[in-house]
Amino acid sequence: MKSKFTAAMLAFFLGGLGIHRFYLGQNKLGLFYLLFCWTFIPAFIALIDFFIFVFMSEDNFNYKFNLKTGF
């Protein structure tokens, strides 16, 4: 089961490299972040992702990212 707190912290600290996307199982998007990390655009998008994770409800996060694990 994936944690909302962990995803938010990874997005804040390592989001420019796409680590939070790899954590959430979105490997293609994580690779996209990693390939373009030199442009700093993924870092800006990761900051937006951080705020989305912080303000997302726990139920909505579980529905979106933990549905396959049977939360």
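The values are calculated or read from the model by the stated rules, or taken from the named source; none is laboratory data. None of the values given here were measured: they were computed from a predicted structure. Ideal geometry is used to build each Cβ from the backbone, glycine not excepted, and the neighbour counts take in all protein chains shown. Ligands, DNA and RNA are excluded from the accessible area calculation, which covers all protein heavy atoms including side chains. Shrake-Rupley method; radii C 1.70, N 1.55, O 1.52, S 1.80 Å.
For the chain, the mean residue ellipticity at 222 nm estimated from helices alone is -19500 deg cm²/dmol, where every DSSP H run of n ≥ 4 contributes -39500 (n - 2.57) and the total is divided by all residues, rounded to the nearest 500. Annotation: Cα Rg of the chain relative to the compact-globule expectation 2.2 N^0.38 Å equals 1.05. Net charge of the neighbourhood of residue 62, taken over other residues with C-beta under 15 Å away and scored Lys/Arg +1, Asp/Glu -1, is +2. Taking every full run of DSSP H in the chain, the ones that stretch at least 18 Å from end to end by Cα along their long axis and average 1.6 or higher on the Kyte-Doolittle scale are 41-55.
In the full protein context, the range 17-71 carries 71 Å² of accessible surface per residue, based on a 1.4 Å probe and ignoring ligands, DNA and RNA.
Per the Kirkwood formula applied to alpha carbons, the range 1-42 shows a radius of gyration over Rh ratio, Rg over Rh, of 0.97. Just 61, 12, 50 to compare: in a GNM of the chain, with alpha carbon springs under 10 Å, which one fluctuates most? Answer for the Gaussian network model of the chain: 61.
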